[in-house]
């Protein structure tokens with residue numbers, strides 16, 4: 001075979017492989033319905049079995065299982081806590097997301113000490129969440145709740161502190177991997 005035929009053959013095989021991957025990846029089951037959270041439409045073309053949670057004020061969204069229940073409560077200083085719970089799981093699968101206005105450009109150790117009420121922080125690691133959002137992940141120990149996994153990140157002028165039981169860290173990681181900042 002001459003060089004020209006080999007080149008054409010290699011290009012042909014490459015196009016075939018790329019086409020197959022493209023159609024396979026784009027043909028995964030999707031849920032065509034528009035999901036609602038708090039009575040408002042939040043998106044369409046959702047992954048099967050998921051709903052999109054979009055916070056109406058803080059401009060972010062991510063996917064959670066359809067059965068997840070969501071409760072919000074406002075805190076002092078303009079903060080808010082949003083609790084995500086999967087009912088019927090034993091132990092209860094949940095996480096809370098504490099959101100507070102934050103003017104800093106980095107998460108400081110003094111902020112961590114303040115918000116964890118002085119609990120020991122172990123295994124702090126920098127991570128990259130969905131959409132390239134940088135954060136820090138670490139473990140704390142609560143006298144009542146036991147070992148906790150915390151993921152903190154900055155976005156849109158706020159500090160976000162996601163906390164769950166250590167047994168649910170993989171579940172939380174899957175949710176935060178879908179995190180998207182929403183632009184006004």
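Where a number appears in this text, it was derived from the coordinates with a stated rule and is not lab data. If you're wondering where the values come from, they're calculated on a predicted model, not measured in any experiment. Cβ placement follows ideal geometry from the backbone for every residue including glycine, while neighbour counts extend to all protein chains displayed.
Summary of computed values
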item: Rounded D (µm²/s) - the range 127-175, Kirkwood Rh over Cα pairs, Stokes-Einstein at 25 °C, 0.890 mPa s; result: 216
item: Mean Cβ count within 10 Å, highest first, over the residues of peptides 115-121, 80-86, 96-102, 147-153; result: 147-153, 96-102, 80-86, 115-121
item: Global size of the range 49-155 as Cα Rg and Dmax, reported in angstrom; result: 14.6, 40
item: 145, 179 arranged by Cβ crowding within 10 Å, fewest neighbours leading; result: 145, 179
item: Paired Rg and Dmax values of the range 93-184, which use every Cα atom, in angstrom; result: 12.7, 40
item: Cα-projected label distance for residue 76 with residue 144, points at 7 Å along beta-carbon direction, nm; result: 1.7
item: Cα coordinate range in the range 44-83, projected on the principal axes (Å, largest first); result: 38, 19, 9
